[in-house]
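Student: This is the structure I have questions about; it appears just below.
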Amino acid sequence: EEQTLAGVVVDHAKDPGRAPAGRGLITLVAGPRRVPELLDATSDEAADLLVQAAERYVPGIGGARRHHFTHTFRHGLPEATPQALGERAGFLARPVRAVEYAGDWVMLRPASEGAVRAGALAASRVLSRLGRHRPAGPDRVEDPVATA
């Protein structure tokens, strides 16, 4: 069986304000090999397939579901090529400059979390050039690929 799910995000655990009091909000991300068939599925068909697969990780999710919203990215969510991954270490080790790069692509995470971490890393690098180096955020931002 093809991997139906690539991820389960418990959004209300990230920020309780993302769901009404006493409720939850969970994002189910389709596995890459299932995406082509889901692009043309109805919202109900896609949600039902993903919720059924999520039962393995979140038992009872199907019975607890009250609503669903399906969002598709027909031309989005990039995937890093082997060549890009091979060049990434050199990119991150480049000398600090007055202008730095930031964006979710720097952290290879097409989401707001990757963009925020990349912005913190860029700010930390610029501050280090000015002699005022501070860790980016509560923990020093490190390359997640190199430390994995």
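Student: First select every other residue whose beta carbon is under 12 angstrom from the beta carbon of Ala54; then total the charges, Lys and Arg +1, Asp and Glu -1.
Tutor: My count for the surroundings of Ala54 gives 0.
Student: Once amide H atoms are built 1.01 Å from N in the peptide plane, which residues 5 or more positions from Ala30, or in another chain, come under 5 Å H to H?
Tutor: Ala6
Student: What does a probe at Arg66 reach in the range 14-48, counting residues whose amide N is under 19 Å from the point 7 Å along Cα→Cβ?
Tutor: From the range 14-48, the list is 14-28, 48.
Student: Here is a follow-up. Sorting check: for 111-118, 14-21, which peptide has the highest mean count of neighbouring beta carbons within 10 Å, and how do the rest follow?
Tutor: Highest to lowest by the protection proxy: 111-118, 14-21.
Student: ³J(HN,Hα) across the range 61-75 via Karplus (A = 6.51, B = -1.76, C = 1.60, θ = phi - 60°), whole Hz, x for Gly/Pro?
Tutor: 4, x, x, 8, 5, 10, 8, 8, 9, 10, 10, 10, 10, 4, 10
Student: Sticking with this one: Could you compute the FRET efficiency for Ala84 and Thr27, with r as their C-beta to C-beta distance and R0 at 30 Å, rounded to 0.05?
Tutor: Working: r = 25 Å, r/R0 = 0.85.
In this case the efficiency is close to 0.75.
Student: Hey, rough spin-label estimate for Asp48 and His12, points 7 angstrom out along Cα→Cβ, what's it come to in nanometres?
Tutor: Taking the simple label geometry, Asp48 and His12 are separated by 2.5 nm.
Student: Right, next: Show me, for the range 92-103, the HN-Hα J-couplings you get by feeding each phi into the Karplus relation (A = 6.51, B = -1.76, C = 1.60, θ = phi - 60°), rounded to Hz, glycine and proline as x.
Tutor: Once θ is set to phi - 60°, the couplings for the range 92-103 become 6, 8, 4, x, 5, 10, 5, 10, 10, 9, 8, x Hz.
Student: A further question follows. For a quick check of your reading of the filter: which GluC sites (Glu not before Pro) in the range 71-101 sit in a DSSP loop and have no more than 16 other Cβ atoms within 10 Å?
Tutor: Glu79
Every read-out reported here was derived from the displayed coordinates using simple, explicitly stated rules and does not represent laboratory data. Only a predicted model underlies this, so the values are computations on that prediction, with no experimental measurement involved. Using ideal geometry, Cβ is built from the backbone for each residue, glycine included, and neighbour counts are taken over all protein chains shown.
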